[in-house]
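Encoded as structure tokens, the structure appears first; notes follow it.
The values are calculated or read from the model by the stated rules, or taken from the named source; none is laboratory data. Since we're looking at a predicted model, the values are computed, not measured. We place every Cβ from the backbone using ideal geometry, glycine too, and count neighbours over all the protein chains shown. Protein only, heavy atoms only, side chains kept; ligands, DNA and RNA dropped before computing areas. Shrake-Rupley method; radii C 1.70, N 1.55, O 1.52, S 1.80 Å.
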Amino acid sequence: MRQSHTALRIFAFLFRIVNRVVVWHKIPFIRLLGALNPRVLNLPALRYDLRRWNLHDTVQLPGTPLQNPGPFAEADRSERRADGTHNDLRDPMMGCAGSRFGRNLPLDQAWPEPPDKFLDPSPREVSRILMTRYHFIPATSLNMLAAAWIQFQVHDWFSHKQLAGQKDDEFIKIKLKDGDDWHQDPMKIRQTEPDPTRPRGCTAGPPTFINYETHWWDSSQLYGSSSKIQKLVRSSRGGKLKIENGFLPLMTSIDPETNQPIDPALTGVDLTGFNDNWWVGLSLLHTLFAHEHNAICDRLREEYPAWDDNRLFQTARLINTALMAKIHTVEWTPGILGHPALQIGMNANWWGAFGERIHKLVGRLGESEELWGIPGSPTDHHAAPYYLTEEFVAVYRLHPLIPDDYRFQSLSDPAFSTYKTFTEIQGNGTRQVITEAGGMANALYSFGLAHPGAITLGNFPRFLQKFERIKPLPNGERDIIDLAAVDIVRDRERGVPRYNRFRRMLRMKPVSTFEELNPDWAKPMADLYKNDIERVDSVVGLLAELPPKGFGFSDTAFRIFILMASRRLKSDRFFTSDYRPEVYTKVGLDWVNDNTMTSVLLRHYPALAPALAGIPNAFMPWNNVFEPLRY
């Protein structure tokens, strides 16, 4: 291992010199070289440097220790705990629900914006001038399942809480400019809930915040981040999740666990591990992978008929989670980053430099993640204990992917067509929309045909700039938000650096002019930021930045992705040291190896076969079954 690290360090040093002259995505690309292509080789070199210099531990800051999760149990060797504890057997609280977010920048640079600069420029004006969608800009290389997928995954990874909004001082207040038709002046945005483990008024380091989901890539959005929620979603029969007439059960007005009334906004929403911000896209994917979990249980029971409900459930969860991680790594990411170098690089993340075919033929012949992939390699947290970071949350602000309007079509009736707004396909109206579309297969087909929005300025969903939550504030006021303004506030509030400082943090060259950042948006950005390029917010810069050829988002955001995406695998023993037949079973590892998003879709909805025929990646646009196939 020491020799491997030494070789990587030399390798990274050489590419650091190269990148001073030419950025990685402009290095010549020669397809015939495959994984030995210089552009592909630059990626692990970048990741090595990011692992060394961009992982910073917030747990070292003062605070009350989290409650001990209880002693190690033998079952912890082969089961994920619902709350994420005991993943790291030496540090059982690492990455658990209720632990702090880490940082990708040094802690002394992670302070929030000072009061005199916090609202400069106005987040509401940033939303109105730079974000507003006047016409929809599609991402034509993708389908809507790609947009739904990333929210499906984000709900597994992180969730902040807001203050309740019971008191006036729990709001950030933004004075409106002339001509703004917002319903209240000042606009009020609830603050992020402070870290309850920090001493009140503590100034020994910047503020920290809590992740209320587990940090691990453990499908907590499906299975829950607490034993209480996990009990609710399980059927307690054959290891399976609850499914009723092909769908997840719906939340009722009474919590079946506590016998207490639940939030009225959730009544009629699917019962699953995490169902905030519910809409059709989430319902489709939660239902699909609940079916997949149950199919895995059936296969395990065939092979191991003596296994009880819990062992079937826990093993199926491991397998289903690993399959989702693989789909994200080798299908979704290369889909949204449509460049051969990334397709090779992300496949190498999972399979290693020799590729899928050699890996399946000979198995794993060494510990090197570069040669044989991360799954099955030794666990390594690198420079800090494993936690997701506030900067990781910031680069996943991908709301432009979501259209305002949706068309639902039929696999069997060419005359069927119905249009809905996003407001009509979210919340507790979701199930009715899927039913009216003719069921899951038709709704999936409709999403497979439709395009998401491009991740750029001027393409933020208009409905999200005036989105009313079903549940009012405790004081009776309507809870209406401009999510684009909220995104700006959250970064400033949580100490995410502004765009140029963000780039410097990643050892990237800062932009010197607004024209260099984006010539089409240079004037409105310069006017809004008073010609000070250093004041551009990270959200704005990431959307304005012209991405590498074929990329769906900026190179700056990509640096965080290549660091944290591999970290979610490399730090998790269930993807590394315990990714082996003794834990997953050979049946389980074969299931992960042999399946794709397409095979999952077709297993549960075989009527989709004509729509998916010849489509190399299920996140690309599908065939219209009433038109000639494209291949």
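Looking only at residues in region 163-175 that are surrounded by 16 or more Cβ atoms within 10 Å (Cβ to Cβ) and in contact (Cβ under 8 Å) with a residue 24 or more places away in the chain, which one is farthest from P121 (Cα to Cα)?
Going through the qualifying residues, I end up with G165.
When the residues of region 361-408 are narrowed to those that are part of a loop (DSSP other than H, G, I, E, B) and among the aromatic types (F, W, Y), which ends up nearest to R9 (Cα to Cα)? Quick ask: steps written out before the conclusion?
Initial filter on region 361-408 (part of a loop (DSSP other than H, G, I, E, B)): 363-368, 373-388, 396-398, 402-404.
With the extra rule that they be among the aromatic types (F, W, Y), the set shrinks to 386-387, 396.
On the way: Y386: 21, Y387: 24, Y396: 29 Å.
Only one residue tops the list, namely Y386.
Does region 34-51 contain any residue that is open to solvent by 40 Å² or more (accessible area, probe 1.4 Å), in contact (Cβ under 8 Å) with a residue 60 or more places away in the chain, part of a helix (DSSP H, G or I) and among the charged types (D, E, K, R)?
No, region 34-51 contains no residue that is open to solvent by 40 Å² or more (accessible area, probe 1.4 Å), in contact (Cβ under 8 Å) with a residue 60 or more places away in the chain, part of a helix (DSSP H, G or I) and among the charged types (D, E, K, R).
For region 353-375, name all the residues that are surrounded by fewer than 16 Cβ atoms within 10 Å (Cβ to Cβ) and under 15 Å from S571 (Cα atoms).
Answer for region 353-375, where residues must be surrounded by fewer than 16 Cβ atoms within 10 Å (Cβ to Cβ) and under 15 Å from S571 (Cα atoms): just E367.
Residue by residue through region 295-323, note down the ones that are open to solvent by less than 70 Å² (accessible area, probe 1.4 Å), hydrophobic (A, V, I, L, M, F, W, C) and more than 30 Å from the chain's Cα centre (by Cα).
Of all residues in region 295-323, those open to solvent by less than 70 Å² (accessible area, probe 1.4 Å) come to 295-297, 300, 304, 307, 309-310, 312-323.
Okay, now just the ones that are also hydrophobic (A, V, I, L, M, F, W, C), so 295-297, 300, 307, 312-313, 316, 318-319, 322-323.
If the condition is that a residue be open to solvent by less than 70 Å² (accessible area, probe 1.4 Å), hydrophobic (A, V, I, L, M, F, W, C) and more than 30 Å from the chain's Cα centre (by Cα), then W307 is the only one that fits.
Test R90 against the criterion of being modelled with pLDDT under 95, among the charged types (D, E, K, R), farther than 23 Å from S220 by Cα and open to solvent by 30 Å² or more (accessible area, probe 1.4 Å), and give yes or no. So that I can check it myself, show each step before the final result.
Details: modelled with pLDDT under 95: yes; among the charged types (D, E, K, R): yes; farther than 23 Å from S220 by Cα: no; open to solvent by 30 Å² or more (accessible area, probe 1.4 Å): yes.
So R90 does not fit the description; no.
Which of the residues that make up region 351-386 are within 14 Å of L43 (Cα to Cα) and touching a residue at least 40 places away in the same chain (Cβ under 8 Å)?
If the condition is that a residue be within 14 Å of L43 (Cα to Cα) and touching a residue at least 40 places away in the same chain (Cβ under 8 Å), then A353, E369, E370 are the ones that fit.
List pairs: first residue in region 591-617 and among the small types (G, A, S), second residue open to solvent by less than 30 Å² (accessible area, probe 1.4 Å) and assigned to a loop (DSSP other than H, G, I, E, B) anywhere in the structure, Cβ distance under 7 angstrom, at least six positions apart or on different chains.
A611/W622; A611/N623; A613/N623
Conditions tested, residue by residue: (1) among the hydroxyl-bearing types (S, T, Y); (2) part of a loop (DSSP other than H, G, I, E, B); (3) in contact (Cβ under 8 Å) with a residue 24 or more places away in the chain; (4) open to solvent by 60 Å² or more (accessible area, probe 1.4 Å).
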| site | (1), (2), (3), (4) |
| --- | --- |
| C96 | no, yes, yes, no |
| H135 | no, yes, no, yes |
| A148 | no, no, yes, no |
| D156 | no, no, yes, no |
| D180 | no, yes, yes, no |
| D195 | no, yes, yes, no |
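Check A415 against each of (1) touching a residue at least 12 places away in the same chain (Cβ under 8 Å); (2) in a loop (DSSP other than H, G, I, E, B); (3) open to solvent by 40 Å² or more (accessible area, probe 1.4 Å); (4) over 16 Å from S566 (Cα atoms) and name the one condition it does not meet.
(1)
Can you give me the number of residues within region 301-356 that are assigned to a helix (DSSP H, G or I) and in contact with a strand residue (DSSP E or B) (Cβ under 7 Å, 6 or more places away or on another chain)? Can you show your working first?
The initial filter retains those residues of region 301-356 that are assigned to a helix (DSSP H, G or I), namely 301-303, 309-336, 340-351, 355-356.
Checking the rest, the ones that are also in contact with a strand residue (DSSP E or B) (Cβ under 7 Å, 6 or more places away or on another chain) come to 313.
Within region 301-356, residues that are assigned to a helix (DSSP H, G or I) and in contact with a strand residue (DSSP E or B) (Cβ under 7 Å, 6 or more places away or on another chain) number 1.
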